[in-house]
Amino acid sequence: MNPEIFTSALLVVPLFSAALIAFTMRRSGTLASGVSVGAATLVLATALHVIFQVDNFEFNARWLLVGPFSLDFGFLVNDLTKLMLLVVSLVGFLVHVFSLGYMKDDPNKARFFAGLSFFMFSMLGLVMASNLVTLFIFWELVGFSSYMLIGFYLEKPSAAAAANKAFIVNRVGDFGLLIGVIMVYWSYGTENLTELQAMVTENPALVTTGIGLLLFCGTVGKSGQVPLHVWLPDAMEGPTPVSALIHAATMVAAGVFLLCRMEFLMTVDALQIIMWVGVVTAVFAGFVAVAQRDIKKILAYSTVSQLGYMVAAFGLGTLASMHSGDHGMGRAMINGGAAAAMFHLTTHAFFKALLFLGSGSIIHACHHEQDIFEMGGLAKKMPITFVTFTLGLLALVGTPFLAGYFSKDAILALAYNHEGGRAVFYLLVLGAFLTTFYMVRLWKIVFLGSPNSEHAKHAHENGLVFTVPLIVLGLLSVIAGYTNLYPHALSPIVEAGHHLASVEGGSTAAMYGTIAWAVGLALAFVIYGAGAKEDSFGKKIGPVFGVLQNKLYFDEVYNFYVAKIQQRFASALHLTEQIFLSGLIIRGMAGVAGLVGIGLKALHVGNLHQYVYWFIGGLALFWVLGGG
C-alpha cells in the first residue's frame, strides 16, 4: 500500500477528531472524549505500522509557484522521524487515556479533548515535515495548541496570563527561526531538507554561523532555554495531562528535534554557543528547582534542566567530530551529539510524562492541592502512584540500569571528552547532583511521614484510567535504555547514543555521575525529614534561598524592561509618530492640499468675464516669461 496513505492518516485522523468535536460535540463531553481517545488509538496503531512496515521515503507536492519562486508542502519519513513518531503517538495515547479520568467532571472537557487532538495533528505534522516551510507552519500550530491548552481554565486570570506569556515569549524565538528560514532560502535557493543536506555535504563551506544561530532561536523559545525559559514553569497553569504531553514529553522537545534535523547547517562557532546555552540552562534550572514548593513547578524546572542537557549534548557531540580534523563534516560521526540528544529525549519523554501524570494523580486525590508541604504520607494511601512515581524519579536521577542512567551517561561521556576542557563536564555533573537532590526532596515530603493537611489525610488511589498509563510509563522508564527493545528502524539512533557511554573515558564519566547521584540522594535524606511541613533548609540559607525561590528574578527583570524601558520607548515613538508622521507629514500635506483647493475654488466664480481676464493675463505671463 502507498506509504503516503499512512502518513496522511496520521494527520487527517486527529484533525478530523478536533474538527468533529469542536463543531458538533461541544456539549457532549463524554462522547467527545471517546472520539479523541479513539483517534489517539488509531494514530498509535498507524505510527507503529509506519515504524515497523514502511521504508524511509519522501513526498513533496507543489504548493506555491510565483515566477522562479516555489514552495512545496511535503513529508519526510526517516529514522529520526520514526523515533519521534513513537514518542509522540505512544505518550499521546497514554495521556489521552489518563485524561479520561482527570477531566471526567470538567464541564469543558469537550473543548479540552478537541485541543488535545489538534495538538496531536500539529506535532505529527512538525516531525514529518520535509522542508523548513512546512516545518514552520506546524511549528506555529503547535505553539497555538499550547497557548489554547495552557489557558484552558478560562475563569482563572493566572491561566490567561500564563497562556499570553507563553505565546509572547515564543514569538521572540520564533521570529529568529523565521528569519533563519528566509535566510536558508536566500542562501541556498531551497527549503527542502534532503536537498539542503546534499548541497552542504558536497560543499561544507556553504554553512554559516548566522543561519545556525537563527534556527537555534526557535529551540531557545520552544525548548525553554535561558533566557527564554520563563514561560515554561508558568505553563503549568494548564491541566496536568497537558503538562505531561506538551510541556514535558513532546512540544518542548520539538526544539531539540529541530536541532537534530538541521545539524548539517551548524558550524563550530554556532555549536559552541549552543553547547554553553544548554549547560547554563541545565545548571540554572536545577538550582531554581531546589527552592520550589509547587509540585508541578519543580517538575517544570526539571524539564528545563533536562532540555538543557539535550541541547548541550547536541553541541558537544558534533563539536567532537568536527574537532577531530575531519573537515568534510564527518557525516558518519557528526551525528554523535544528535544521537545522544535524541536518546535522552526519548527516555526523558517516558519518565517525565510519568512524573507529570503521577503528580496529576496526586493533585486529583488531594483536591487540586499542589504545595508539596501540604501533602505527606501518600505512599500508603496511593501505592500504585507511589511505586510508579518512584520508578520515574529513579530513572530521571540516573539510577544505574534504569532508562535515564544510560542516556545521561552518554551525555556525560561526551562532556568528559570535550577538547575545550573539563569545565562543561563538571557543570553537567553538578546538574546531575541537583536533579537527585530536589527530586528526592520532593519524594520524601510528598510520600513519606504523616499527612500535613485534610486533603492528604483523605487521599486515596485513583481508578484504572489513572493507574494503567502510570504502570505502562513506569515499565518504559525501566526498560527504555536498552537498545535491543527498540524497533530495527530506530536502533541506529538509539545505539549510537548508547555507544557513547562506552568510548574512552565513558566509565570515568559514569563514575562521576554515580557519585553525584549518591551524594544528592544522601544529602536530601539527611536534610529533609519524611513528610516535612516546612523547608528548614531554606530557612538556614536565608537570602540565597529567597533568590532561588524567585527564580533569580528573571520575571521581575523582564517586567521592569517591558514597563520601564520598552513601554516608554514605544510611547516616545508613538508621540513622534503623532507629531511628525501623522501631524506634520500626513496632516500637513493634507492641509496644504486643502488650502490650495480653497484658493483654486475661489477662482471658479462662474463669471465669464473674469475667466476672459484670467485667460488674457495668463497669455501675457507666458509672453513675458518667453522673452517677448
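The values are calculated or read from the model by the stated rules, or taken from the named source; none is laboratory data. A quick note: this is a predicted structure, and the numbers were derived from the prediction, not measured. Note that each Cβ is placed from the backbone with ideal geometry, even for glycine, and that neighbours are counted across all protein chains shown. Heads up: the accessible areas ignore ligands, DNA and RNA and are worked out on the full protein's heavy atoms, side chains in. Shrake-Rupley method; radii C 1.70, N 1.55, O 1.52, S 1.80 Å.
Every test in (1) surrounded by fewer than 24 Cβ atoms within 10 Å (Cβ to Cβ); (2) touching a Ser or Thr at 6+ places or on another chain (Cβ under 9 Å) is passed by Leu354 save one, and that test is (1).
Is it true that Val91 is in contact with a helix residue (DSSP H, G or I) (Cβ under 7 Å, 6 or more places away or on another chain) and open to solvent by less than 10 Å² (accessible area, probe 1.4 Å)? In short, yes. If you go through region 184-208 and pick out every residue that is among the polar types (S, T, N, Q), part of a helix (DSSP H, G or I) and under 25 Å from the mean Cα position of the chain (by Cα), you end up with 2.
Among the candidates Asn2, Asn78, the residue that is over 30 Å from Phe112 (Cβ atoms), surrounded by fewer than 19 Cβ atoms within 10 Å (Cβ to Cβ) and within 23 Å of the chain's Cα centre (by Cα) is uniquely Asn78.
Annotation note: Cβ proximity below 6 Å between a residue of region 496-516 that is modelled with pLDDT of 65 or more and a residue that is open to solvent by 60 Å² or more (accessible area, probe 1.4 Å) (sequence gap 6+ or interchain) occurs for Gly505/Asn417. Taking region 505-556 as the range and being of a type in the set (Asp, Glu) and open to solvent by less than 40 Å² (accessible area, probe 1.4 Å) as the test, the residues that pass are Asp535, Asp555. Of all residues in region 421-451, those satisfying the criterion of being in contact (Cβ under 8 Å) with a residue 24 or more places away in the chain and more than 27 Å from the chain's Cα centre (by Cα) are Lys444, Ile445, Val446, Phe447, Leu448, Gly449, Ser450, Pro451. Of the residues Gly115, Gly101, Gly38, the single one that is of a type in the set (Gly, Ala, Ser), out of contact with any strand residue (DSSP E or B) (no Cβ under 6 Å at 6 or more places or on another chain), without any contact (Cβ under 8 Å) to a residue 60 or more places away in the chain and under 26 Å from Thr467 (Cα atoms) is Gly38. Residue count for region 189-205 satisfying the condition of being closer than 18 Å to Ser70 by Cβ and either crowded, with 17+ Cβ neighbours inside 10 Å or touching a strand residue (DSSP E or B) at 6+ places or on another chain (Cβ under 7 Å) (or both): 7. Just a yes or no: is a residue in region 421-432 among the β-branched types (Val, Ile, Thr), modelled with pLDDT of 95 or more and either open to solvent by less than 10 Å² (accessible area, probe 1.4 Å) or within 30 Å of Cys260 (Cβ to Cβ) (or both)? Yes, the conditions are met somewhere in region 421-432. For region 71-111, the set of residues classified as part of a strand (DSSP E or B) and of a type in the set (Val, Ile, Thr) consists of Val77 only. For region 126-157, filtering for residues that are buried (at least 20 other Cβ atoms within 10 Å of the Cβ) and not in a helix (DSSP H, G or I) leaves 5. In the set Phe389, Phe373, only one residue is open to solvent by less than 10 Å² (accessible area, probe 1.4 Å), modelled with pLDDT of 95 or more and hydrophobic (A, V, I, L, M, F, W, C); that residue is Phe389. From the list Ala410, Ala395, the lone residue that is among the hydrophobic types (A, V, I, L, M, F, W, C), in a helix (DSSP H, G or I), modelled with pLDDT under 90 and within 28 Å of the chain's Cα centre (by Cα) is Ala410. Just one of (1) open to solvent by less than 30 Å² (accessible area, probe 1.4 Å); (2) part of a helix (DSSP H, G or I); (3) farther than 19 Å from Leu428 by Cβ fails for Tyr561. It is (1).
Picking from Thr81, Thr24, which residue would you name as being over 21 Å from Thr346 (Cβ atoms) and β-branched (Val, Ile, Thr)?
Thr24
Restricting attention to region 263-296, the residues that are buried (at least 24 other Cβ atoms within 10 Å of the Cβ) and in contact with an Asp or Glu (Cβ under 7 Å, 6 or more places away or on another chain) total 0.
One line per residue, one yes/no per condition, for (1) open to solvent by less than 70 Å² (accessible area, probe 1.4 Å); (2) of a type in the set (A, V, I, L, M, F, W, C); (3) closer than 30 Å to Lys165 by Cβ; (4) free of Cβ contacts under 8 Å to residues at least 40 places away in the same chain:
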position: Ala572; (1), (2), (3), (4): yes, yes, yes, yes
position: Ile579; (1), (2), (3), (4): no, yes, no, yes
position: Lys601; (1), (2), (3), (4): no, no, no, yes
position: Tyr611; (1), (2), (3), (4): no, no, no, yes
position: Trp614; (1), (2), (3), (4): no, yes, no, yes
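Listed conditions (1) open to solvent by 20 Å² or more (accessible area, probe 1.4 Å); (2) touching a residue at least 12 places away in the same chain (Cβ under 8 Å); (3) over 21 Å from the mean Cα position of the chain (by Cα) are all met by Ile51, apart from (1).
Each residue in region 445-463 was checked for being within 17 Å of Phe356 (Cα to Cα) and in a helix (DSSP H, G or I), and 3 of them qualify.
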